[in-house]
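First the structure, in the form of structure tokens, and then the observations on it.
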Amino acid sequence: MKALRFTLIELLVVISIIAMLASMLLPALGRAKSTGRTIMCANNLKQWTTGVHIYADAWQDYLPPHQMGRYYSSPSVTNWNIWDSWLRDALLPQANQAKYLLGNDINGCTEHSNAFMGTSTTQTIRIYSYGVSYSIANPGGSPGYYLFKISRIGRPSQIILISDMSNDVNAPGYKFDVSPERVGYLHLGKVNCLFIDGHVEGKRQNQLSTADYIP
């Protein structure tokens, strides 16, 4: 009995069909992966909500400042989102310093660059995945910058407290700026935003304005 063999044309047709199916499926798989990362980032921000309200409950309804003083080491102030801040102590007491500085906990967005910052072997710029609004959290800054109580903010569902950042490691916050140089539109063209009322929502650049950061 003569063995059955594919002709060259038949093989080329099969290969073409497989390639076409792959070209259709791969973008969908990539989008699904990005969607999963978006959800993980949103979950991070929801945990920040818990931390923010823990702080406000302990400090007469005030939202946490952009920086806090330190008395045991230099520099004398520490940014709100690094490992030895109130948030780490309140929500992640089990995390060691090296692990936290990798940005693998709630301070790191999985879509954010994991490139190392400076010469450190543990600290990466993923610890700057999120920025806080300076109009709410920058004590001692320019006139008009002062700490807010949650109860003083009249539009809590419209005012952003924390959102994704770009890779600007020198600026762990926002100065009323919605440009891509400051804001990280990392999630399929959107930035995840944590609003004062605690909900998290993705926004495109054309859906944001400086008023969204100013109570």
*Only one residue in ALA42, ALA32, ALA90 is in contact with a helix residue (DSSP H, G or I) (Cβ under 6 Å, 6 or more places away or on another chain), in a helix (DSSP H, G or I) and either modelled with pLDDT under 80 or more than 25 Å from LEU147 (Cβ to Cβ) (or both). Which one?*
ALA90
*Limited to the stretch 141-188, what total is found for residues that are at pLDDT 70 or above and not in a loop (DSSP other than H, G, I, E, B)?*
12
*Considering each residue of the stretch 185-215, count those that are small (Gly, Ala, Ser) and farther than 14 Å from ARG37 by Cα, and give that number.*
3
_For the stretch 49-62: of the residues being closer than 13 Å to ASP197 by Cβ and among the hydrophobic types (A, V, I, L, M, F, W, C), which is surrounded by the most Cβ atoms within 10 Å (Cβ to Cβ)?_
VAL52
*Kindly indicate whether MET24 is modelled with pLDDT of 75 or more and assigned to a helix (DSSP H, G or I).*
no
*Could you grab me the full set of residues in the stretch 102-138 that are modelled with pLDDT under 75, aliphatic (A, V, I, L, M) and in a loop (DSSP other than H, G, I, E, B)?*
LEU102, ALA115, MET117
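The values are calculated or read from the model by the stated rules, or taken from the named source; none is laboratory data. Nothing here was measured: the structure is a model prediction, and the numbers come from that model. For neighbour counting, all protein chains shown are included, and Cβ atoms are generated from backbone atoms with ideal geometry for every residue, glycine included.
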